[in-house]
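K.L.:
Starting off with a structure, shown below.
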Amino acid sequence: MKAIKLFIVAAMAAVATSAAAQDFNDPKYAKWGNTPEERKENILASSYLKEEVANRHFNSAARYLQQLLASCPNASENIYANGVKLYKDKANRAETLAEKKMFVDSIILLYDIRIQHFGNHPKRGKVYLLERKAREYLTYKADDREGVAEVFEAAIEAQKQAGVVDPEVVAIYFKNLCDDYQNDIVDAMTVVNAYDAHAQYFENLAPEQLQYKEQFEQCFGMSGAASCDNIEQIFSAKIAAAPEDAKVVEQAFNLLARAKCTSDFFFTVGEKHYANSPSSNIAMLLAQGFQDVKNFDKANQYLREALSAETDPAEREKLYVRIGILDMSINNFAAAVEAFREAQAINPENPHAPFFLAQCYVNGAKGCSGLQKDSVYWVAYDLIQKALPLLEAQDADRVEAAKQLAAAYRGAFPTKEECFFNELAEGSSYTVNCGYAQGISTRVRPRVQ
């Protein structure tokens with residue numbers, strides 16, 4: 001410790017020797033004081049401040065800082081940079097909340113004084129300093145929610161005036177505003193209006209900045225303030241004013257879809273967006289919305305629109321399953337059978353195709369009678385048996401239902417008497433001649449009685 005103190009003393013002595021060799025009558029030193037002696041003293045104090053902060057001698061550093069702020073506040077940015085370091089260290093080491101608050105307030109005050117004297121700096125002027133102040137405020141005074149909002153709004157306004165709004169700063173501000181809404185500090189319209197005012201800063205971003213747009217949109221979508229009514233309130237006027245603005249339509253649709261809206265406005269916007277940018281994803285979202293309001297014709301239309309736009313086999317497989325399930329729900333079993341068979345052709349290991357095909361085949365047997373009808377259950381049972389291990393691996397929620405169907409179908413097999421009178425030996429081959437299962441080969445199995 002003694003060696004360190006000696007080193008510091010030596011370093012300060014070297015600074016003092018260097019200062020003694022300078023002519024402080026030179027006008028370039030005018031900002032450091034009114035007289036040569038005062039200038040020399042303040043330049044030395046600035047060097048000592050830096051050294052004392054670096055070595056965590058906070059009390060002496062604080063005395064040098066106060067001297068410089070009183071005598072030459074516009075002499076150097078380093079006064080404030082070192083002052084902030086000083087009070088950050090003090091704040092982090094404070095023993096009481098009152099002490100910490102005092103040091104944090106000093107940090108914020110230093111930014112205000114620095115803005116007063118260096119606000120016109122070409123690189124580190126008001127815009128830069130207000131952003132730094134906002135970040136420090138959030139770090140040290142996050143509990144002051146009104147204050148957090150105010151400093152970020154001031155920083156964004158300064159950036160706006162300079163024409164250089166940083167999407168990261170806006171995203172941070174908006175996330176905090178959404179947090180405030182969830183904690184009942186601000187109302188929904190405050191969030192809605194802020195979204196409306198700041199969305200423009202996320203247009204035409206560089207790829208590395210797209211994360212901030214995603215954060216901004218997600219915060220709004222998940223805040224609870226993004227209700228269907230609020231979204232419609234924002235965008236109905238915008239779209240009416242610029243109906244051909246595809247970006248506004250897309251923005252509205254994405255928010256409405258995230259909020260799971262099923263209003264007329266959602267469908268109007270969605271169909272307009274699909275017309276502008278047809279894609280499988282948009283069609284799927286529209287299909288789900290129409291299905292939710294039981295407009296099955298429109299739902300089917302957009303599922304098939306999605307199918308026609310999709311080229312990825314895995315996605316086409318999923319679409320065929322969805323189309324099949326929808327067709328089943330509206331009793332269009334013939335179309336459902338076709339869709340499930342297409343899914344199975346793409347992926348023979350699809351668990352849903354055999355599970356639902358079995359049900360379609362049984363439904364299609366209603367118009368048959370006797371052995372023709374009962375033989376369909378052999379095919380249906382085989383399909384469920386195929387589906388079960390696949391469901392266990394891929395869709396466990398349907399396993400129990402599949403087991404129940406298997407038991408029901410096995411209980412509906414033709415009786416031994418039926419097989420005997422139709423001259424069918426157990427285990428022999430049989431081709432079904434009924435309904436949607438017509439032409440499918442299976443094995444003869446009498447019902448266990």
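No lab work stands behind these numbers, since they all come straight from the coordinates. Worth saying up front: this structure is predicted, and the values here are computed from it rather than measured. Ideal geometry is used to build each Cβ from the backbone, glycine not excepted, and the neighbour counts take in all protein chains shown.
K.L.:
Roughly what angle does helix 188-198 make with the longest principal axis of the chain, taking Cα atoms, 0 to 90 degrees, to the nearest 10?
P.N.:
70
K.L.:
Going by average Cβ density within 10 Å per residue, which order do the peptides 371-379, 172-180, 402-410 take, highest to lowest?
P.N.:
Ranking, from highest mean packing down: 371-379, 172-180, 402-410.
K.L.:
Would you work out which of ALA336, ASN59, SER375 lies farthest towards the positive end of the dipole of the chain? Charges go on Cβ: Lys and Arg +1, Asp and Glu -1.
P.N.:
Most positive-ward Cα: ASN59.
K.L.:
For VAL448, what charge total do you get from the other residues with a beta carbon under 13 Å from its beta carbon, if Lys and Arg give +1 and Asp and Glu give -1?
P.N.:
+3
K.L.:
Rounded to whole Å and sorted largest first, list the principal axis extents of the Cα atoms in the chain.
P.N.:
124, 60, 37
K.L.:
Note the full-extension length gain between GLN288 and GLN116 as 0.36 nm times their separation in residues minus their Cα-Cα distance, in nm to one decimal.
P.N.:
So the chain would gain 56.2 nm between GLN288 and GLN116.
K.L.:
Also, I was wondering about something else. Helix 352-364 versus the longest principal axis of the chain: what is the Cα-based angle in degrees, 0 to 90, to the nearest 10?
P.N.:
So the inclination is approximately 40 degrees.
K.L.:
Let me ask something else about it. Kindly state, to the nearest 0.05, the FRET efficiency for GLN394 paired with ALA162, given R0 = 60 Å and r defined as their beta-carbon distance.
P.N.:
Taking R0 as 60 Å, the efficiency between GLN394 and ALA162 is 0.65.
K.L.:
Would you mind pulling out the separation of the Cα centroids of segment 265-286 and segment 392-449, in Å?
P.N.:
43
K.L.:
Before rounding to the nearest 500, sum -39500 (n - 2.57) across all DSSP H runs of length at least 4 in the chain and divide by the residue total; then give [θ] at 222 nm in deg cm²/dmol. Walk me through the intermediate numbers first.
P.N.:
On the way: 21 runs with 319 residues, N = 449.
Theoretical 222 nm ellipticity from helices: -23500 deg cm²/dmol.
K.L.:
Calculate log10 I(q)/I(0) of segment 351-449 for q = 0.21, 0.24 Å⁻¹, where I(q) comes from the Debye formula with a single equal point scatterer on each Cα and nothing for solvent.
P.N.:
-1.00, -1.21
K.L.:
Rounding to the nearest 10 and keeping the result within 0 to 90°, find how far the Cα-based axis of helix 2-20 lies from the longest principal axis of the chain.
P.N.:
Computed tilt is about 60 degrees.
K.L.:
Measure out, as a whole number of angstrom, how far apart the alpha-carbon centroids of segment 160-199 and segment 46-106 sit.
P.N.:
33
K.L.:
Right, next: Give me the mean projected area, in nm² to one decimal, of the convex hull enclosing the Cα positions of segment 166-225.
P.N.:
Details: hull surface 14.0 nm².
Orientation-averaged projected area of the Cα hull: 3.5 nm².
K.L.:
Hey, another quick one. Beyond a 24 Å Cα-Cα separation, which of these cross-linked pairs lie in this structure: LYS88/LYS126; LYS123/LYS160; LYS133/LYS247; LYS318/LYS386; LYS88/LYS141?
P.N.:
Distance filter (> 24 Å) returns LYS133/LYS247.
K.L.:
Averaged over every viewing direction, what's the projected area of the C-alpha convex hull for segment 290-427? Give it in nm², one decimal, please.
P.N.:
For segment 290-427, averaging the hull's shadow over all directions gives 9.3 nm².
K.L.:
What's the extension gain from ALA237 to ARG56 if we count 0.36 nm per residue and subtract their Cα-Cα distance?
P.N.:
59.3 nm
K.L.:
Restricting everything to alpha-carbon atoms, can you work out Rg to Rh for segment 67-129 with a Kirkwood hydrodynamic radius?
P.N.:
With Rg and the Kirkwood Rh in hand, the quotient comes to 1.02.
K.L.:
Projecting each Cα onto the charge dipole of the chain (Lys/Arg +1, Asp/Glu -1 at the beta carbon, about the Cα centre), which of ILE384, TYR173, MET189 comes out farthest on the positive side?
P.N.:
TYR173
K.L.:
Please give the contour-minus-distance gain from ALA81 to THR96: 0.36 nm per residue of separation, less the Cα-Cα distance, rounded to one decimal in nm. All intermediate terms of the calculation are to be shown ahead of the outcome.
P.N.:
Values: separation 15, 0.36 × 15 = 5.40 nm, distance 2.47 nm.
Taking 0.36 nm per residue and subtracting the Cα distance, the gain is 2.9 nm.
K.L.:
Please compute the net charge surrounding CYS368, taking Lys and Arg as +1 and Asp and Glu as -1 over other residues with Cβ under 15 Å from its Cβ.
P.N.:
0
K.L.:
Looking at segment 120-217, I'd like the Rg to Rh ratio, where Rg is from alpha-carbon atoms and Rh is Kirkwood's inverse mean 1/r.
P.N.:
Ratio of gyration radius to Kirkwood radius: 0.96.
K.L.:
Here's a follow-up. Residues with beta-carbon under 15 Å from that of PHE267, excluding PHE267: net charge, scoring Lys, Arg +1 and Asp, Glu -1?
P.N.:
That works out to -2.
K.L.:
Could you tell me the calculated FRET efficiency between ASP89 and ALA188, based on Cβ-Cβ distance and R0 = 35 angstrom, to the nearest 0.05? Display every interim value, and only then the final one.
P.N.:
Numbers: r = 41 Å, r/R0 = 1.18.
Efficiency for this residue pair is about 0.25.
K.L.:
Same structure again: Hey, for a label at GLU417 modelled as a point 7 Å past Cα toward Cβ, could you say which residues of segment 366-386 have their backbone N under 14 Å away?
P.N.:
Under cut-off, by backbone N: 370-371.
K.L.:
Which value, in debye to the nearest 20, describes the size of the charge dipole of the chain about its Cα centre when Lys and Arg Cβ atoms bear +1, Asp and Glu Cβ atoms bear -1, and nothing else is charged?
P.N.:
Computed charge dipole of the chain: roughly 1240 debye.
K.L.:
Tell me which of VAL269, ALA437, ALA226 sits at the most positive position along the dipole axis of the chain, charges placed on C-beta atoms (Lys, Arg +1; Asp, Glu -1).
P.N.:
ALA226
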